[in-house]
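Since every read-out is calculated from the coordinates, none of them should be taken as a lab result. Owing to the predicted nature of the structure, the values given are computational and were not obtained by experimental measurement. All Cβ positions, glycine included, derive from the backbone under ideal geometry; neighbour counts span all protein chains shown.
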Amino acid sequence: MSGLDDPPGNGNLTDFSKNAFPEDNPFNSEGWKLAGKREVLRLRAEILHSIRRFFRERDYLEVETPILIPAPAPELHIDAVACGAHYLQTSPELCMKRLLSAGYPRLFQICHCFREAERGSRHLPEFTMLEWYAAGKDYSFLMEECEDLFRFLADALYGKEEILFGSRRVDLSAPWERLSVEEAFRRYGGMSVRRSLAEDRFDEVLVTRIEPKLGVGRPTFIYDYPVELAALARTKEGDPSLAERFELYLAGIELANAFSELVDPQEQTLRFHEEQQQRSALGKRPYPWPDRFLQALSAMPPSAGIALGIDRLVMLFADRASVDDVVAFPPEEL
């Protein structure tokens with residue numbers, strides 16, 4: 001890991017001898033490839049351990065919810081993997097919110113999620129997600145918790161509030177940069193958000209012009225998304241055209257997506273119908289209706305929730321170029 005101290009752990013790759021993978025072994029090259037991941041997988045384990053310690057110290061309850069679910073949230077740009085009559089979860093969000101509705105005040109979960117047609121140096125069709133929720137809080141609270149979590153991890157792993165990714169030093173000391181989506185589009189995208197939406201270019205401009213400029217030197221939150229791009233987020237007080245949603249970027253890489261949660265079942269139902277209609281217009285299959293989630297929503301207190309990609313997090317902390325480098329088996333190697 002260039003520029004970083006060795007991660008915690010006792011073993012190293014010199015523990016392996018060539019005798020472990022003799023020349024006539026047909027799995028010789030695969031064995032050496034897996035052996036070469038030993039230190040990064042040790043770092044990954046340390047990160048997961050530290051995440052759990054961080055949340056337990058803050059009185060969060062770790063929970064497990066089913067991976068196989070009858071109805072995912074009907075979001076336009078997220079496609080679930082069908083498994084018989086059910087689906088593999090794209091996120092544990094709906095189940096975790098039902099727990100909030102039942103009176104659980106603080107929850108976190110580390111789990112596997114699945115999405116169709118997600119593959120690239122920063123995408124896996126099966127990936128590891130950290131999600132956490134806090135009742136009585138909003139998205140501003142989650143920004144502060146992100147700052148605290150990353151500093152906690154950096155201190156636990158390296159004893160300092162910074163990491164190196166490639167040739168870039170990233171300072172994790174608070175406060176991090178906060179940039180509204182509108183300001184990000186005007187500063188880096190060369191247009192307003194509304195113009196990008198009218199021209200159907202929001203994602204294109206965000207990915208090609210804006211994302212490479214975010215989180216350089218220190219992490220960046222971009223916040224207050226157009227309400228039509230935040231199907232499960234609460235509208236911003238005083239401006240119903242915006243939603244209390246943010247995304248976190250570090251070294252140009254998106255790491256997390258967070259909301260002040262929408263808890264109005266009627267408004268949520270309306271938004272889900274709109275998402276289903278847009279999916280149908282694009283020829284995507286409709287999902288079963290998430291009745292139990294919508295029924296529970298009326299009892300959910302004002303809350304905030306966030307999803308953070310563990311594979312990308314490890315990639316950054318390990319200073320690796322691809323998520324393939326920080327999982328034991330990319331899908332093509334199974």
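Straight-distance candidates among the aspartates and glutamates for linking to LYS33, with alpha-carbon spacing under 20 Å and chain neighbours fewer than 8 residues away dropped: ASP6, ASP15, GLU23, ASP24, ASP311, ASP319, ASP324, ASP325, GLU332, GLU333. Normalised by the number of residues in the chain, the average gap of Cα pairs under 8 Å and 6 or more apart makes the relative contact order 21 percent.
Tell me which aspartates and glutamates have Cα within less than 12 Å of LYS97's Cα, excluding those fewer than 8 residues away on the same chain? Partners found: GLU131, GLU261. Computed over Cα pairs, the Kirkwood radius of the stretch 28-333 leads via Stokes-Einstein (1.306 mPa s, 10 °C) to a diffusion coefficient of 79 µm² per second. The distance between label points at ARG285 and TRP32 comes to 4.3 nm (points 7 Å beyond Cα on the Cα→Cβ vector).
Annotation: for a label point projected 7 angstrom from Cα along Cα→Cβ of ARG169, residues of the stretch 127-163 with backbone N closer than 18 Å are 151, 154-155, 158-163. If R0 is taken as 30 Å, the Cβ-Cβ distance between GLN277 and ASP239 corresponds to a FRET efficiency of 0.75. Straight-distance candidates among the lysines for linking to LYS37, with alpha-carbon spacing under 29 Å and chain neighbours fewer than 8 residues away dropped: LYS18, LYS160. Residue exposure proxy: THR235, THR90, ordered by other Cβ atoms within 10 angstrom of their Cβ from fewest to most, comes out as THR235, THR90. In plain terms, the chain from ASP203 to ALA321 could stretch by 40.2 nm, reckoned as 0.36 nm per residue minus the Cα-Cα distance. Overall, the stretch 28-333 carries a charge dipole of about 340 debye about its Cα centre when +1 sits on the Cβ of Lys and Arg and -1 on the Cβ of Asp and Glu, all other atoms neutral. For the pair LEU68 and GLN295, the difference between a 0.36 nm per residue extended length and the Cα-Cα distance amounts to 79.7 nm. Under 17 Å from a point placed 7 Å out from the Cα of HIS112 along the Cα-to-Cβ direction: which residues of the stretch 29-52 have their backbone N that close? Zone members listed by number: 45. Taken along the Cα-to-beta-carbon direction at a fixed 7 Å, the label points for ARG53 and SER121 span 3.2 nm.
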